[in-house]
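K.L.:
The following block contains the structure, expressed as structure tokens.
Every read-out reported here was derived from the displayed coordinates using simple, explicitly stated rules and does not represent laboratory data. Predicted model only: the values in this text are computed from it and were never measured. A quick note on method: Cβ atoms are made from the backbone with ideal geometry, for glycine too, and the neighbour counts reach across all protein chains shown.
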Amino acid sequence: MSPTRILIRDELMGFAKSKVMLVMWVLLPLIAIAGYLVIPTDAILGGDTGPKLSATAFMGFLMSSLAGTVSALMVAVDIISEKNRKVYELFVIRPIRPDAIIWAKFVAVFTCVTIACVVSLTLGMTIDRIRGTQITGDMLYDAGKVVLALIGVIALSAGVGVLFGVLAKTILVAVILILYVGQNLAIIPMIPMYLGLLPRAFWIAMVISAVLTALLLWGSGRLFRRTEY
Amino acid sequence: MRSVADPLVRVVGLTKQYYGQSVLANVSFEIARGEVFGYIGPNGAGKTTTLKILAGLIRKFDGEVTVAGAHVLKDRAKAHALIGYLPQSAGFQNWRTVESALDTLGELSGVPADLRKRRIPELLERFGLSAARTKKVKELSGGMTQKVGLIQALLHEPELLVLDEPLEGLDPPGRRLLKDIIRERRHAGTTVLFSSHILSDVEDVADRVGILNAGKLATSGSLRELTASFGLPVEIDVELAVVPDPVPFASDRGVTVRGPNQWRVTVPDGGDADALIHSMIERTLAAGGKIRRIGTAEPDLDELFAQYILRPGAAA
């Protein structure tokens, strides 16, 4: 197995076993659904006569507001804490590409948070189904687009997290950078959608997310290779 | 710089500055294959920086550093495949168990799975960590973590072991074990470069030492060479089984009586201790005496270190 695959396998294992992922995969969806079920539907949207907010849409909103920040913070905090505990010295001295270490982190966080989003949306759809809503092809298409949009946000945010994780020396600095700079960067791909001027704005946003993420990872990799310990 | 036959490590004109402050200034030395080289010096002398450069952890420096002819930066992969490195404080990921950490690091070093399955339990057993196999590394004591760090450095049986303060935090049995392992590795042909503050331990295992002071290599060589080069007196201890009357060397210059049948002879700077020993043996035997023990009591590393580091102008 190549060193990069070994690192990705191990990082996936590490994140999957972490308490944060336990919260993201199990506790958060359960709390969100409990909240959705407890709050009266007319208090959420439109009153008695207005449209009702589905559990799927509720979970979609919740995850879109959380997934980006969580993935950026997770990856940045992990990189900085391992950097400060000199974990990477034992990896970098081995015959591997140093940047593979942070790419593995990116893939692990991206995968874990994406799974969390899929779990939440699936739970939302299940609740809607139980409550009598027919799942139509249109609904599945929309849910698919929500998942794709979330994947774009997660990838870009995790890329931002990797960059600030490599750059910052302390967790506090990284958190501040992510909250004040990273959040604004993550909005860039959405601009075509907000403006509504371009046809296929959704897909353009996806392409911009992919390109920006690739650039962030490439830049972070270069910086990480130059890091001295 | 003194050249050695068949050098594995070559450090030539190594210079490193941090923010305009010189940390290493034109440091040069060579380490022969299979040699154990002790690197000593006071705090802040630049020992760790040298070792990190050799391990490829510091990229910006002047000079040339090669391992088996491979430049530590330009031929990074080749050089790294030859090195086993223990940093001053080895860090492991929080979620890792001892076994998982060692398995991954071994795998990344290219150790095949079947070999890892055999070698990891063997080394854990040797270091008394078998019971901690499934524990998370973060739950271990400092000394135990240091042992895990040592195991990861030994796992792929590297040609060169670079150990930064390996004895730090180890209990006396742990220190003895490490010294035994260093001797074993030397016997197997491994080259060892290690830094330490515990000079008696360096003295026990090092073939040669390099004394670094204020970023400059004050000197390097075997203890005997350093003693000679600094002009420290050599002392000869002699114990006789049968004492002739008169004792033929008793009135020689620099002889002191240490007991009813024991003497010490101080050979001043420039004196030939080996020739004097030869002469003492001949004269004693000719006078009908019998020798139980005779040999040199050279200054220990503590004394040499003090001479090199504490003498006026040593840092310059």
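K.L.:
Which peptide among A:161-167, B:240-246 comes first, and what is the full order, when sorted by highest mean count of other Cβ atoms within 10 Å?
P.N.:
Values: A:161-167: 27.3, B:240-246: 12.7.
Put in order of decreasing packing, that is A:161-167, B:240-246.
K.L.:
Check which residues have an amide H placed less than 5 Å from B:LEU8's amide H, if you skip close sequence neighbours.
P.N.:
So B:LEU8 has HN proximity to B:ILE31, B:ALA32, B:ARG33.
K.L.:
Once you average over the residues of B:56-63, how many Cβ atoms of partner chains fall within 10 Å of each Cβ?
P.N.:
Numbers: counts 4, 8, 2, 5, 2, 1, 0, 0.
Mean partner-chain Cβ count within 10 Å for B:56-63: 3.
K.L.:
Given 37 °C and 0.692 mPa s, compute D for region B:153-283 with the Stokes-Einstein relation, Rh being the Kirkwood radius over Cα pairs; round to the nearest whole µm²/s.
P.N.:
Once the numbers are plugged in, D ends up at 182 µm²/s.
K.L.:
How much of the DSSP bridge set in chain B is antiparallel, in percent, rounded to the nearest 5?
P.N.:
Values: 38 of 55 bridges.
The answer is about 70 percent antiparallel.
K.L.:
Which whole number gives the average count of other chain Cβ atoms within 10 Å of the Cβ atoms across peptide A:92-101?
P.N.:
On the way: counts 6, 19, 15, 12, 6, 2, 2, 0, 1, 0.
Across A:92-101, the average partner-chain Cβ count within 10 Å equals 6.
K.L.:
Oh, and also: Show me the three semi-axes of the equivalent ellipsoid for region A:3-225, from the C-alpha gyration tensor (sqrt of 5 times each eigenvalue), largest first, rounded to whole Å.
P.N.:
Working: eigenvalues 235, 77, 47 Å².
Whole-Å semi-axes of the equivalent ellipsoid: 34, 20, 15.
K.L.:
May I pose another question? So for chain B, Kirkwood radius off the Cα pairs, Stokes-Einstein at 37 °C and 0.692 mPa s: how many µm² s⁻¹?
P.N.:
Details: Rh = 21.8 Å.
Diffusion coefficient, whole number: 150 µm²/s.
K.L.:
Could you work out the mean projected area of the convex hull around the alpha carbons of the protein assembly as shown, in square nanometres to one decimal?
P.N.:
Details: hull surface 137.4 nm².
Computed as one quarter of the Cα hull surface, the answer is 34.3 nm².
K.L.:
At a Förster distance of 25 Å, what's the computed FRET efficiency of A:VAL118 paired with A:TRP203, Cβ-Cβ distance as r, to 0.05? If you can, show how the numbers build up before the last one.
P.N.:
Numbers: r = 20 Å, r/R0 = 0.82.
Taking R0 as 25 Å, the efficiency between A:VAL118 and A:TRP203 is 0.75.
K.L.:
Taking every pair of distinct Cα atoms and averaging 1/r, then inverting, what Kirkwood hydrodynamic radius in Å comes out for region B:1-88?
P.N.:
On the way: mean 1/r = 0.0748 Å⁻¹.
Averaging 1/r across every pair of different Cα atoms and inverting gives 13.4 Å.
K.L.:
Separate question: Can you give the FRET efficiency to the nearest 0.05 for B:ASP237 and B:LYS135, using r as the Cβ-Cβ distance and R₀ = 51 Å? Don't skip to the end; give the middle numbers.
P.N.:
Working: r = 50 Å, r/R0 = 0.97.
FRET efficiency, B:ASP237 to B:LYS135: 0.55.
K.L.:
Using a Förster distance of 60 Å, how high is the FRET efficiency between A:LEU148 and B:ARG126, based on the Cβ-Cβ distance and rounded to 0.05? Let's see the in-between values first.
P.N.:
Working: r = 53 Å, r/R0 = 0.89.
Step by step, r from the Cβ atoms, then E = 0.65.
K.L.:
Dividing the convex hull volume of the Cα atoms of region A:48-104 by its residue count, what figure in Å³ per residue is obtained? Present the calculation step by step, with values, prior to reporting the outcome.
P.N.:
Values: hull volume 5.3 nm³, N = 57.
Value for region A:48-104: 93 Å³ per residue.
K.L.:
Give, rounded to the nearest 20 debye, the magnitude of the charge dipole that chain A has about its Cα centre when Lys and Arg contribute +1 at Cβ and Asp and Glu contribute -1 at Cβ.
P.N.:
Details: 19 positive and 12 negative charges, 157 e Å.
Roughly 760 debye, rounded to the nearest 20.
K.L.:
Follow-up. Using the alpha carbon gyration tensor of region A:56-142, what are the three equivalent-ellipsoid semi-axes (square root of 5 times each eigenvalue), largest first, in whole Å? Provide the component values of the computation, followed by the final result.
P.N.:
Numbers: eigenvalues 297, 32, 15 Å².
Over the Cα atoms of region A:56-142, the semi-axes work out to 39, 13, 9 Å.
K.L.:
Continuing with this model, one more query. Return the lysines within reach of B:LYS179: Cα separation strictly under 19 angstrom, same-chain partners fewer than 8 residues apart disregarded; answer none if there are no such residues.
P.N.:
Of all the lysines, those that pass the test against B:LYS179 - Cα under 19 Å, at least 8 places apart if same chain - are B:LYS147.
K.L.:
Now a separate question. Rg(Cα) of region A:123-229 divided by 2.2 N^0.38 Å? Please list the in-between numbers first.
P.N.:
Details: Rg = 17.8 Å, N = 107, 2.2 N^0.38 = 13.0 Å.
So region A:123-229 has a normalised radius of gyration of 1.37.
K.L.:
Please give every one of the lysines within straight-line cross-link reach of B:LYS78, meaning a C-alpha to C-alpha distance under 24 Å, and leave out same-chain neighbours fewer than 8 residues apart.
P.N.:
A:LYS86, B:LYS16, B:LYS47, B:LYS52, B:LYS60
K.L.:
Still on this model: Taking θ as phi - 60°, what are the ³J(HN,Hα) couplings along region A:77-85 by the Karplus curve (6.51, -1.76, 1.60), each to the nearest whole Hz, with x for Gly and Pro?
P.N.:
4, 5, 5, 5, 5, 6, 4, 5, 8
K.L.:
What average count of beta carbons from other chains do you get within 10 Å of the Cβ of residues in B:79-85? Walk me through the intermediate numbers first.
P.N.:
Values: counts 2, 5, 2, 1, 3, 2, 5.
Averaged over the peptide's residues, the number is 3.
K.L.:
Students often forget the sequence filter, so: which aspartates and glutamates lie under 18 Å Cα-Cα from A:LYS169 once same-chain residues fewer than 8 apart are removed?
P.N.:
A:ASP78, A:GLU82, A:GLU89, A:ASP99, A:GLU228
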